[in-house]
Amino acid sequence: AEIAASAEAKGIPLGFEAAVAGGIPAIKAIREGLAGNDLSRVLGILNGTCNYILTTMRERGREFAEALSEAQKLGYAEADPSFDVDGIDAAHKLAILAALAFGRPVDFGAVHVEGIRAVSALDIKLAEELGYRIKLLGIARRADGGVETRVHPCMVPLSHPIARVDGVFNAVVAEGDFVGRVVLEGRGAGAGPTASAVVADLIDIARGRRTPVWGVGDGALQALPAIPMERRVGAYYLRLMVMDRPGVIADVTAALRDHAISLESMLQRGRAPGEAVPVVVTTHDCEESQMRAALARIEALESVVERPALIRIEAL
């Protein structure tokens with residue numbers, strides 16, 4: 001944001017197409033190609049390392065640590081992978097996309113950020129059974145109260161194009177009032193894709209094409225309120241490891257009921273009286289604050305032997 005303000009003050013162009021989604025012309029598409037639309041949502045797979053790890057976990061049944069180690073050996077992940085796997089890199093990119101899409105100042109601090117370390121091979125397998133695929137998504141959405149920006153693992157319907165973006169590929173989806181849904185997919189990193197984006201900016205400069213950094217001047221940006229994560233509304237996947245004994249399911253459903261959360265489905269894999277077994281619950285839409293309160297109560301149950309795994313379901 002500081003560089004953009006300085007460039008505008010000096011009347012010089014600033015090219016940064018390679019900053020988001022590598023070789024995908026996401027910035028030009030949102031800032032220029034879709035300028036005739038009011039955008040309601042921008043989302044995407046913005047980190048190829050995470051997408052590669054999740055793809056490997058699904059295709060080979062690997063756990064997170066194994067898939068990460070393989071990604072490091074192939075050069076897709078750094079020796080310290082935190083920036084990628086904890087969602088920070090994707091959040092930086094989402095903050096830029098949200099500024100372009102909604103004409104607001106870049107606000108990284110407003111982005112809710114979660115990574116993929118807690119996603120298990122079992123969650124990925126169960127997601128497939130339920131008709132979903134797990135992806136780390138960055139989602140920016142404009143609503144009446146402002147703009148929500150969040151990065152976290154999501155269960156995406158298998159029918160959505162972004163569910164089929166695998167490996168190190170990235171994808172950006174924009175939704176406009178006239179154009180509808182636009183999906184861009186391609187390589188998000190690497191020498192060739194990065195060079196492609198940088199040279200496109202150089203060609204614009206050589207041809208004298210000038211576009212305001214954010215599509216509008218700094219003075220026209222609107223400081224739209226940030227919608228907190230607690231107000232996110234949607235469905236949820238919840239996996240519990242519980243002791244297989246009478247009354248356990250009743251305790252879990254009572255916690256959900258008392259926080260006005262209705263169940264869509266429940267799966268229990270096998271029986272092992274007196275042993276821990278996985279129980280999977282999916283819910284209908286509710287507010288994040290309701291789910292968090294119910295989750296705290298469920299986690300405190302004596303019969304719940306591990307921290308519950310929660311993944312948000314995105315209808316998209």
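The values are calculated or read from the model by the stated rules, or taken from the named source; none is laboratory data. Keep in mind that what you see is a predicted model, and the values were worked out from it rather than measured. Glycine also receives a Cβ, built like all others from the backbone with ideal geometry; neighbour counts cover every protein chain displayed. Accessible surface is based on the protein model in full, side chains and every heavy atom, while ligands, DNA and RNA are left aside. Shrake-Rupley method; radii C 1.70, N 1.55, O 1.52, S 1.80 Å.
Mind listing which chymotrypsin sites (Phe, Trp or Tyr not before Pro) in region 1-79 are in a DSSP loop and have 16 or fewer other Cβ atoms within 10 Å?
16
Need the full-extension length gain, residue 307 to residue 80, defined as separation in residues times 0.36 nm minus the C-alpha distance. One decimal, nm.
Contour length minus Cα-Cα distance gives 79.2 nm.
Between residue 128 and residue 202, what FRET efficiency comes out of the Förster formula 1/(1 + (r/R0)^6) with R0 = 45 Å and r the beta carbon distance, rounded to 0.05?
0.55
Once you put a point 7 Å from the Cα of residue 73 and another 7 Å from the Cα of residue 35, both along the Cβ direction, what distance in nm separates them?
4.9
Can you put 135, 125 in order of accessible area, largest first, using a 1.4 Å probe?
Most to least solvent-accessible, the answer reads 125, 135.
On a 1.4 Å probe surface of the protein chains, which of 43, 221 comes out largest in accessible area, and what is the full order?
221, 43
Tell me, what is a quarter of the convex hull surface for the C-alpha atoms of the chain, in nm² with one decimal?
Details: hull surface 69.1 nm².
Directional mean of the projected Cα hull area for the chain stands at 17.3 nm².
Using the Cα centre of the chain as origin and beta-carbon charges of +1 (Lys, Arg) and -1 (Asp, Glu), tell me which of 68, 183, 57 is placed farthest towards the positive end of the dipole.
The residue sitting most towards the positive pole is 183.
Build a GNM of the chain with springs between Cα atoms under 10 Å: which of 244, 177, 144 gets the top mean-square fluctuation?
Maximum fluctuation in the GNM of the chain, among the listed residues, is at 144.
Magnitude of the Cβ-charge dipole of region 100-254, K/R +1 and D/E -1, about the Cα centre, nearest 20 debye?
Computed about the Cα centre, the dipole is about 240 debye.
What is the helix-to-structure angle for 191-206, meaning the angle in degrees between its Cα long axis and the longest Cα principal axis of the chain, kept from 0 to 90 and rounded to the nearest 10?
30
In whole Å, largest first, what are the principal axis extents of the Cα atoms in region 10-130?
That gives 51, 34, 26 Å along the principal axes, largest extent first.
With only Lys, Arg, Asp and Glu charged, each at its Cβ (+1 for the first two, -1 for the last two), find how big the charge dipole of the chain is about the Cα centre; round to the nearest 20 debye. Numbers along the way, then the final one.
Details: 34 positive and 41 negative charges, 104 e Å.
Using only the charged Cβ atoms, the result is roughly 500 debye.
With everything on Cα atoms, drop me the angle between helix 288-299 and the longest principal axis of the chain, reported from 0 to 90° to the nearest 10.
Relative to the chain, helix 288-299 is tipped by roughly 40 degrees.
Using just the helices of the chain, give the 222 nm mean residue ellipticity in deg cm²/dmol: DSSP H runs with n ≥ 4 each add -39,500 (n - 2.57), and the total is spread over all residues, rounded to 500.
Mean residue ellipticity at 222 nm (helix-derived): -9500 deg cm²/dmol.
Quote the accessible area belonging to residue 259 in square angstrom, nearest 10, computed with a 1.4 Å probe and with ligands, DNA and RNA left uncounted.
Only protein atoms counted, so the area is about 50 Å².
Order 59, 2, 299 by their accessible area, 1.4 angstrom probe, all chains in place, largest first. Please list the in-between numbers first.
Details: 59 120, 2 160, 299 85 Å².
Sorted by accessible area, descending: 2, 59, 299.
Classify region 80-175 as rounded, prolate or oblate from the Cα gyration tensor: take a ≥ b ≥ c as the square roots of its eigenvalues, call it rounded if a/c is under 1.5, otherwise prolate when a/b beats b/c and oblate if not.
In terms of gyration-tensor shape, prolate.
Can you list the lysines whose alpha carbon sits under 27 Å from that of residue 93, skipping same-chain ones fewer than 8 residues off?
Partners found: 10, 28, 73, 135.
What do you get for trypsin sites (Lys or Arg not before Pro) in region 218-286 restricted to DSSP loop and a cutoff of at most 13 other Cβ within 10 Å of the site's Cβ?
Taking region 218-286 and a limit of 13 other Cβ atoms within 10 Å, the loop trypsin sites (Lys or Arg not before Pro) found are 269, 271.
Summarise the accessible area of region 66-133 (1.4 Å probe, protein heavy atoms) by the percent that is carbon and sulfur.
Carbon-and-sulfur percentage of accessible area, whole number: 52.
Ignoring ligands, DNA and RNA, what percent of the 1.4 Å accessible area of region 165-316 is carbon and sulfur?
In region 165-316, the share of accessible area belonging to carbon and sulfur is 54 percent.
For the chain, set up a Gaussian network in which alpha carbons nearer than 10 Å are linked by springs, and say which option among 123, 258, 89 fluctuates the most.
Ranking 123, 258, 89 by mean-square fluctuation puts 258 first.
Return the sequence-ordered ³J(HN,Hα) values of region 63-68 in whole Hz as given by the Karplus equation 6.51 cos²θ - 1.76 cosθ + 1.60 applied to θ = phi - 60°, using x for Gly and Pro.
In residue order, the calculated couplings are 7, 4, 4, 5, 5, 5 Hz.
For the chain, what relative contact order do you get, as a whole percent, if you take Cα pairs closer than 8 Å and at least 6 residues apart?
Worked out over the chain, it gives 22 percent.
Where in region 222-261 does the label zone of residue 268 land, with the point 7 angstrom along Cα→C-beta and an amide N cut-off under 14 Å?
240-254
Comparing 164, 133, 245, which has the greatest mean-square fluctuation in the GNM of the chain with Cα pairs linked when under 10 Å apart?
Checking each option, the largest mean-square fluctuation is seen for 245.
Rounded, prolate or oblate: which one fits region 185-288, using the alpha carbon gyration tensor with axes a ≥ b ≥ c (rounded when a/c is under 1.5, else prolate when a/b beats b/c, else oblate)?
Oblate is the answer for region 185-288, as a/c is 1.5 or above yet b/c matches or exceeds a/b.
Please list 3J(HN,Hα) in residue order for region 46-61, calculated via the Karplus relation 6.51 cos²θ - 1.76 cosθ + 1.60 where θ = phi - 60°; whole Hz, with x for glycine and proline.
10, 9, x, 4, 5, 5, 5, 4, 5, 5, 5, 4, 6, 6, 10, x
Amide H to amide H, which residues 5 or more places from residue 133 or on other chains are under 5 Å from it, using H placed in the peptide plane?
156, 158
Using Cα centres only, tell me the gap between region 131-169 and region 239-316 in whole Å.
Centre-to-centre distance over Cα atoms comes out at 23 Å.
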